[in-house]
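Report on the structure given below.
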Amino acid sequence: MNGEVFNANPTIYTKSKRSLRKSPFETGQSLWVDDIEQQDWSDTSDAEPIDQDEVFDLIRSIADPEHPNSLEELRVVSPEQIDIGSNVITVEFTPTVPHCGMSTLIGLSIRVRLMRCLPPRFKVDIRVKPGSHQSELAVNKQLNDKERVAAALENQALVETLEKCLATAGSQE
């Protein structure tokens, strides 16, 4: 990225207690579905439900691209900003400043983390909290357009930065 810091002195918050629930990974189950092509995702009658805390646990420790802090520590994400419907998960995030130039990268980090961890039956919508960013509509459009996301993930420099943000995802510190 260009080195410009959009929020030089962010407010750092204390992390909340980690959920006591064990993730599939912690219980020895795979996070990936074997033989994904053979799965029938239209029948979700025996699918394990998912809740806000479980989704929050997946994204809370993603590193902010500008600071050595997690999205949780900067209050960019919280369980209250996650809505779960019938196979639709909406994550709203709050940039630390209204002119944050890293908002798209933060949203992309959240999207990629959830794409990697959730079963493909879930549709994921990532949105900037209404009124929290001066380019809210443009950021939301970019984060939820399949072609734009695919193009972004073909940019090697962007993917390297994204992987740095995701390197801490799932850590339990």
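What number of residues in region 140-169 are touching a residue at least 60 places away in the same chain (Cβ under 8 Å) and more than 14 Å from the chain's Cα centre (by Cα)?
Matching residues across region 140-169 total 1.
For region 149-170, give me each residue that is touching a strand residue (DSSP E or B) at 6+ places or on another chain (Cβ under 9 Å) and open to solvent by less than 50 Å² (accessible area, probe 1.4 Å). Show your work before the answer.
Looking only at region 149-170, we keep the residues that are touching a strand residue (DSSP E or B) at 6+ places or on another chain (Cβ under 9 Å), and these are 164-169.
Scanning region 149-170 gives 165, 166, 169.
Please determine whether any residue of region 137-148 is under 30 Å from residue 48 (Cβ atoms), of a type in the set (A, V, I, L, M, F, W, C) and open to solvent by 30 Å² or more (accessible area, probe 1.4 Å). Walk me through it before giving the result.
From region 137-148, those under 30 Å from residue 48 (Cβ atoms) are 140, 143-146; that's our starting set.
Right, trim to of a type in the set (A, V, I, L, M, F, W, C) and you get 143.
Remaining after also requiring open to solvent by 30 Å² or more (accessible area, probe 1.4 Å): none.
Within region 137-148, not a single residue is under 30 Å from residue 48 (Cβ atoms), of a type in the set (A, V, I, L, M, F, W, C) and open to solvent by 30 Å² or more (accessible area, probe 1.4 Å).
Run down 85, 101 and say which single residue is farther than 20 Å from residue 159 by Cβ and open to solvent by 30 Å² or more (accessible area, probe 1.4 Å).
85
I'm checking my understanding of the structure. Among residues of region 44-65 that are at pLDDT 90 or above, assigned to a loop (DSSP other than H, G, I, E, B) and open to solvent by 30 Å² or more (accessible area, probe 1.4 Å), which one is nearest to residue 117 (Cα to Cα)? Spell out the reasoning first.
Taking region 44-65 as the starting set, the residues that turn out to be at pLDDT 90 or above are 51-65.
With the extra rule that they be assigned to a loop (DSSP other than H, G, I, E, B), the set shrinks to 51, 60-62, 64-65.
Still in the running and open to solvent by 30 Å² or more (accessible area, probe 1.4 Å): 51, 65.
Details: 51: 14, 65: 21 Å.
Ranking the qualifying residues of region 44-65, first place goes to 51.
Taking the stated definitions as given, is residue 106 open to solvent by less than 60 Å² (accessible area, probe 1.4 Å), under 25 Å from residue 49 (Cβ atoms) and either modelled with pLDDT of 95 or more or not aliphatic (A, V, I, L, M) (or both)?
No: the conditions fail for residue 106.
Please verify whether region 109-126 includes one or more residues that are among the polar types (S, T, N, Q) and either part of a helix (DSSP H, G or I) or at positive phi (or both). Quick ask: steps written out before the conclusion?
The first filter runs over region 109-126 and keeps only residues among the polar types (S, T, N, Q), leaving 109.
The next check asks that each one be either part of a helix (DSSP H, G or I) or at positive phi (or both); those that pass are 109.
Scanning region 109-126, I find at least one residue that is among the polar types (S, T, N, Q) and either part of a helix (DSSP H, G or I) or at positive phi (or both), so the answer is yes.
The values are calculated or read from the model by the stated rules, or taken from the named source; none is laboratory data. Values in this document were obtained by computation on a predicted structure and should not be read as measured data. In this analysis, Cβ positions are derived from the backbone assuming ideal geometry, glycine residues included, and neighbour counts consider all displayed protein chains. Each accessible area value is taken on the protein alone, full model and side chains, heavy atoms only, with ligands, DNA and RNA left out. Shrake-Rupley method; radii C 1.70, N 1.55, O 1.52, S 1.80 Å.
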